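Structure, as structure tokens:
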Amino acid sequence: MIVIQDVMPLREAIHTRRRKDEAVAFVPTMGNLHAGHLDLVRVAGERGSAVVVSIYVNPLQFGQHEDLDNYPRTLEADKAELQKYNIDILFVPDDRTMYPRGVEEGEYRPGHFVGVATVVNRLFNIVQPDIAVFGKKDYQQLVIIRRMVSDLAMPVEVIGADTVRERDGLALSSRNRYLSAQQRAVAPGIYRTLREARDALQRTKVDRSKIETEGYRKLVDLGFSPDYFKVRRQEDLGDPDPQDRSLVILTAARLGEARLIDNMEVELRRQ
Ligand code: PAF
């Protein structure tokens, strides 16, 4: 694994691999890697012959009340984890490399997903991957990136990798570290509630808005403060029409300091 900080040496290293006809698979991350990230790296290794991972804590996707400075930066531990995988290049740009004109581009502070789209767009231009792997856990992020790739006709195949879960169903996330032992015991309730909602949706003639309200209420009863519990179309997260069969249930709910997000895809039988 070679570690590269700047754009030109990265391009050279990637061109060398392309000349050997290797497909470049890319996994962008913000570091502090856990088993969920490492699974994306595994999927990338299955799909591409040269694997590039980036670690960059993107200031543009942090809101005013989210603490960018306290975001865990664990580069040495991340490198040690990545060494166990057969990855070719670890790209660790700094702010100057990613945003040469500074991060306050434009007059407004971009929202989270604009920040994500901006950094992923720049990373795609720098790395020029054939394949890029993102977790389905951040479902909205995945849909937005697919949309960007399609709208801008980018020659990148975007792969959504399944969410990695603890044995009790809790989705792996860097935010789980904010949970106390008591909250950690409650947290898998989010997965159970999603499964119950999925089972209810698969029963014919269930009212979608009733499922949303019930899911929300169950989370409140368990001790969460939900932001939303919604059933949406997988493709574009629009409100589903009665004929839509590929749905996803999405939720974000606070438990103490942690804002947990999770989702579950649902394929309805054709009627
Ligand atoms: O999912 C993440 O870790 C980040 O949003 C991403 C895609 C690396 C962009 O900074």
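The values are calculated or read from the model by the stated rules, or taken from the named source; none is laboratory data. Note that the coordinates shown come from a computational prediction; the quantities given were computed from them, not determined experimentally. Because the Cβ atoms are built from the backbone with ideal geometry, glycine has one as well, and the counts that use them run over all protein chains shown. Ligands, DNA and RNA are excluded from the accessible area calculation, which covers all protein heavy atoms including side chains. Shrake-Rupley method; radii C 1.70, N 1.55, O 1.52, S 1.80 Å.
Here is how the numbers come out for the structure above:
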| item | result |
| --- | --- |
| Length added when fully stretched, Asp69-Asp241, from 0.36 nm per residue minus Cα-Cα | 57.6 nm |
| Phe91 accessible area, 1.4 Å probe, all protein chains in place, Å² to nearest 10 | 0 |
| For segment 166-256, diffusion coefficient by Stokes-Einstein and Kirkwood Rh (Cα), 37 °C, 0.692 mPa s, µm²/s | 236 |
| Nearest-ten-degree value, helix 139-151 long axis tilted from longest Cα axis of the chain | 50 |
| Pairs of Cα atoms farther than 33 Å apart, the chain, % | 25 |
| Kirkwood-based shape ratio for segment 1-107, expressed as Rg/Rh from alpha carbons | 0.99 |
| Cα extents of segment 159-217 along the three principal axes, largest first (Å) | 39, 32, 16 |
| Between 0 and 90°, nearest 10: helix 189-202 axis offset from the chain longest Cα axis | 70 |
| Nonlocal amide H pairs with Ser173, under 5 Å, H built at 1.01 Å | none |
| Stokes-Einstein translational diffusion, segment 128-181 - Kirkwood Rh over all Cα pairs, 0.692 mPa s, 37 °C, in µm²/s | 256 |
| Gap separating the Cα centres of segment 150-218 and segment 60-79, nearest whole Å | 24 |
| Helix-only CD estimate at 222 nm, as mean residue ellipticity for the chain, using -39500 (n - 2.57) per DSSP H run (n ≥ 4) | -11500 deg cm²/dmol |
| Sum of side-chain charges, Glu212 neighbourhood, beta-carbon under 13 Å (Lys, Arg +1; Asp, Glu -1) | +2 |
| Peptides ranked, highest mean first, by Cβ atoms within 10 Å: ranges 125-133, 63-71, 30-38, 77-85 | 125-133, 30-38, 77-85, 63-71 |
| Tail fraction, Cα-Cα pairs, segment 106-195, threshold 22 Å, whole percent | 43 |
| Viscosity 1.567 mPa s, 4 °C: Kirkwood-radius Stokes-Einstein D of segment 34-188 over Cα pairs, µm²/s | 76 |
| Partners for Lys136 among aspartates and glutamates (Cα-Cα distance below 18 Å; same-chain residues under 8 apart left out) | Asp39, Glu46, Glu157, Asp162, Glu166, Glu235, Asp236, Asp262, Glu265, Glu267 |
| Extended-chain gain in nm, criterion 0.36 nm per residue less alpha-carbon gap, Ser225 and Leu152 | 22.5 nm |
